[in-house]
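Asks: Pasting a structure below so you can have a look.
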Amino acid sequence: MFGLDDPSLADGGAGDTKVLDAGLCWSVPEVAIAFCLAEPLTGSKTIQLSTMFDTDASDNGLLSCADTNSPALCVIAADTITIGASGTLAATGSRPLVMVAHTIVVDGTIDVASHAGDGGRPAATGPGADATDCIAGETAIQSGGGHGGSFGTMGGNGGDQQGEVESGAKASPAQLVVSFRGGCPGGGGGGSGAILPGGTLLRGSGGGAIALLASTMIHLGSASVINASGAAAGATDVGSGGSGAGSGGMIVFQTSSIAAQGSRIFANGGGGAGGGSETQAGQAGSESMIASEGGQGGQGAIGAGRGGVGYPGLVTEGSPGTSNMGGGGGGGGGAGVIRVYGGATLAGAIVSPSPN
């Protein structure tokens, strides 16, 4: 609802004596979003070029997180927020991103996806991704493939190492999503070649979380894109199973009116990595670029399994190894979550997964 009637939400909470005007409070109770602004919605914020914003750094000179009583969120607030046709807002950071305005106009791109650093895009984790309440799947053993991240739907299971039954990791079930957060990571493949020097798993991160809240309307232009997809899993070294990819993240809309003809809105899964053999490496997966396709699974080494395709792909499981102790492919990432509240719909937009 716009303008909460519950004055308790205007209290900054324990250790914070600041009291905010309840008329400046916003809430989406279905996903536990609730915050109060210290100042009214004024002015405009416009993105006309490619802009990277870190929700932890809070201020990049052009955008900043507003003063609220909810430090777990980064809230960009203005009377009007515009992403121009040539503009891209790419966000990263541990805090989910909220845009709140009377009117929000998106003619360009909002990218809160996670990226493994392929395809010319820098490596980045979407805002609020890999939340602590993600439910992890099983752990791969031997050279089995890692599982894909589960969120709105179950991620793909990892493929077995050739000759090692049940060595691929099983993904967790789809998760009941009742809070505003990003998607969930895949699992690492079995073997040391699924880990970077320093101990970092080559699994893909889940997509980030963004909410667009507008008291008047949200306009999404015909060429606009909102992407909250999961990252692909990185390339596998010899003797290891492919790692799993991240699930899609979360996109929330709350307004009474959305114009969205032709807009592309998606929170798809990333592609799992192909398994390695005793002498060859497996390839990295790829990431979702369009609403109708998830990230593609990486090719396995000769005798190893291919990575699974991310949601909405039909074969999300990693393939098993077939010869020479080939490692299993990593699972593709599951779907994210898209929600629409306030009476509006996304009629005319291309959306994946379907709002629920």
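Asks: Could you work out Rg/(2.2 N^0.38 Å) for region 46-202, with Rg from alpha carbons only?
Replies: Compactness ratio reported: 1.25.
Asks: Per residue, what accessible area does region 254-314 have, given a 1.4 Å probe and all protein chains present, in Å²?
Replies: 36 Å²
Asks: Could you give the length gained by full extension between N60 and T345, i.e. 0.36 nm per residue of separation minus their alpha carbon distance, to one decimal place?
Replies: Value of the extension gain: 99.3 nm.
Asks: Express the relative contact order of region 225-356 as a whole percentage, based on alpha carbon pairs under 8 Å and six or more residues apart in sequence.
Replies: The value is 30 percent.
Asks: For region 230-356, what is the charge dipole size about the Cα centre, in debye to the nearest 20, if Lys and Arg each add +1 at the Cβ and Asp and Glu each add -1 at the Cβ?
Replies: For this selection, approximately 340 debye.
Asks: Please calculate how many Å² of accessible area region 129-186 carries per residue, with a 1.4 Å probe and no DNA, RNA or ligand atoms counted.
Replies: 40 Å²
Asks: A follow-up question, please. May I ask you to derive the FRET efficiency for T279 and I141 from their Cβ-Cβ distance with R0 = 22 Å, giving the value to the nearest 0.05?
Replies: Rounded to the nearest 0.05, the efficiency is 0.55.
Asks: Right, something else. Separation of region 22-56 and region 256-278 by C-alpha centroid, Å?
Replies: 25 Å
Asks: Using a 1.4 angstrom probe with every protein chain in place, what is the largest-first accessible-area order of E293, E287?
Replies: E293, E287
Asks: Tell me the carbon and sulfur percent of the accessible area for the chain, rounded to whole percent, probe radius 1.4 Å.
Replies: 54 percent
Asks: Hey, how many Å between the Cα centroid of region 126-165 and the Cα centroid of region 70-104?
Replies: Each part's Cα centre sits 31 Å from the other's.
Asks: Of the beta bridges DSSP finds with both residues in region 200-356, what % are antiparallel, to the nearest 5?
Replies: 10 percent
Asks: More than 13 angstrom separation, counting every C-alpha pair in region 114-174; what % is that?
Replies: Result for the distance tail: 66 percent.
Asks: Antiparallel DSSP bridges in the chain: what percent, to the nearest 5?
Replies: Restricted to the chain, the bridges split so that about 20 percent are antiparallel.
Asks: Right, something else. If I ignore ligands, DNA and RNA and count only protein heavy atoms, how much of E317 is accessible to a 1.4 Å probe, in Å² to the nearest 10?
Replies: 100 Å²
Asks: Something else: Dipole magnitude of region 58-130 about its Cα centre, charges +1 at Lys/Arg Cβ and -1 at Asp/Glu Cβ only, in debye to the nearest 20?
Replies: The dipole magnitude comes to about 80 debye.
Asks: Reported to two decimal places, what Rg/Rh ratio describes region 19-69 when computed on Cα atoms with Rh from the Kirkwood expression?
Replies: 1.02
Asks: From the protein chains alone at 1.4 Å, what is the descending order of accessible area for T42, T55, largest first?
Replies: Reading off the accessible areas and sorting them downward yields T42, T55.
Asks: Using alpha-carbon pairs under 8 Å, 6+ residues apart, how would you state the relative contact order of the chain in percent?
Replies: Computed over the chain, the figure is 15 percent.
Asks: What length, rounded to one decimal in nm, is gained on full extension from E39 through to V165, with 0.36 nm per residue of separation minus their alpha-carbon distance?
Replies: 39.4 nm
Asks: Once the Cβ-Cβ distance between S323 and L196 is put in as r, and R0 is 22 Å, what FRET efficiency do you end up with, to the nearest 0.05?
Replies: 0.20
Asks: Under Stokes-Einstein, with the Kirkwood radius over Cα pairs standing in for Rh, what whole-number D in µm²/s applies to the chain at 37 °C and 0.692 mPa s?
Replies: Estimated via Stokes-Einstein, D reaches 165 µm²/s.
Asks: So what is the relative contact order of region 60-116, in percent, for Cα pairs below 8 Å that sit 6 or more residues apart?
Replies: About 36 percent, as a whole number.
Asks: Let me ask something else about it. Where q = 0.16, 0.22 Å⁻¹, what log10 of I(q)/I(0) comes from the Debye formula for region 232-356, counting one point per Cα?
Replies: Cα-only, vacuum Debye calculation for region 232-356: -0.66, -0.96.
The values are calculated or read from the model by the stated rules, or taken from the named source; none is laboratory data. Predicted model, so just to flag it, every value in this text is computed and none were measured. Reconstructed Cβ throughout: ideal geometry from the backbone, glycine too, with neighbour counts over all protein chains shown. Each accessible area value is taken on the protein alone, full model and side chains, heavy atoms only, with ligands, DNA and RNA left out. Shrake-Rupley method; radii C 1.70, N 1.55, O 1.52, S 1.80 Å.
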